[in-house]
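Remarks on the structure that follows.
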Amino acid sequence: MSTPDLEAARRYSLAKLGSELPQHYFYHSVAHTRDEVVPAAEELAAEEGVSDDEYLLLMTAAYFHDIGYVEQIDGHEAIGVRIASQVLPTLGYARSQIEVIEGLILATRLPHAPGSRLEMILVDADLDHLGRKSFWRRSDDLRRELAALGSPLSDRSWFERQLGFMNDHHYFTPSANRLRLDRKNRNVSLIRRFLRRCEAP
């Protein structure tokens, strides 16, 4: 049996994202995968005590979770599953491993309903920034991306949208709640403050 080559999967994903994603994807960029989701998944995996076998599957899914954006936005998770199912067998992954990875990718669809601990970790890693200081920069990146795609929003509309998303969101793993919830709640408080300013006469 072949040994799964996580390093080759990493190289494939980052090269494809780096060369094929549209430049106006300011939020869903290669940096989102490489510099946010992957490190967050690594941290949560360590905190949650996943096994080496689980870690391999989790990290592969982290690299592939947004790869479908190279083709389209709507349904990008299913496209990511298709790409993974085509590429990963050539990199030594068994069908049973790929099925788990496909489930992990699909778990990042909204609304979130992760069904396993690994799915919870990846979902939490995907939105790790909600509980970080970088939330504001990344929020602006998403707003710019939406504007470039034809959906510009006023300050008030944007903050209302962000507040609704933050209120509906929750972290699934104990580790994410412990590490990120306080900062997330502070970010929510700041959004409310900005909304009050928008509403002031």
Of the criteria (1) assigned to a loop (DSSP other than H, G, I, E, B); (2) closer than 22 Å to residue 137 by Cα; (3) not charged (D, E, K, R), which one residue 72 fails: (2)
Number of the condition not met by residue 120 [criteria: (1) at pLDDT 95 or above; (2) part of a loop (DSSP other than H, G, I, E, B); (3) under 13 Å from residue 171 (Cα atoms); (4) not charged (D, E, K, R)]: (2)
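To keep it simple, each residue is scored yes or no on (1) buried (at least 16 other Cβ atoms within 10 Å of the Cβ); (2) aromatic (Phe, Trp, Tyr); (3) out of contact with any Lys or Arg (no Cβ under 9 Å at 6 or more places or on another chain); (4) under 24 Å from residue 24 (Cα atoms).
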| position | (1), (2), (3), (4) |
| --- | --- |
| 112 | yes, no, yes, no |
| 119 | yes, no, yes, no |
| 122 | yes, no, yes, no |
| 126 | yes, no, yes, yes |
| 129 | yes, no, no, yes |
| 136 | no, yes, yes, yes |
| 171 | yes, yes, no, no |
| 176 | yes, no, yes, no |
| 180 | yes, no, no, no |
In region 1-25, the residues that are touching a residue at least 40 places away in the same chain (Cβ under 8 Å) and of a type in the set (Asp, Glu): 5, 20
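Can you spot a residue in region 26-40 that is under 28 Å from residue 144 (Cβ atoms), of a type in the set (S, T, N, Q) and not in a helix (DSSP H, G or I)?
To start, the set of residues in region 26-40 that are under 28 Å from residue 144 (Cβ atoms) comprises 26-40.
Retained after the next criterion (residues that are of a type in the set (S, T, N, Q)): 29, 33.
From what's left, not in a helix (DSSP H, G or I): 29.
Yes, there is a match, as at least one residue in region 26-40 is under 28 Å from residue 144 (Cβ atoms), of a type in the set (S, T, N, Q) and not in a helix (DSSP H, G or I).
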Selected residue (criterion: farthest from residue 125 (Cα to Cα)) from residues of region 43-68 that are of a type outside the set (Val, Ile, Thr), free of Cβ contacts under 8 Å to residues at least 60 places away in the same chain and surrounded by 16 or more Cβ atoms within 10 Å (Cβ to Cβ): 68
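The values are calculated or read from the model by the stated rules, or taken from the named source; none is laboratory data. Quick caveat: nothing in here was measured; it's all calculated off a predicted structure. Virtual Cβ from ideal backbone geometry, glycine too; neighbours counted across all protein chains shown.
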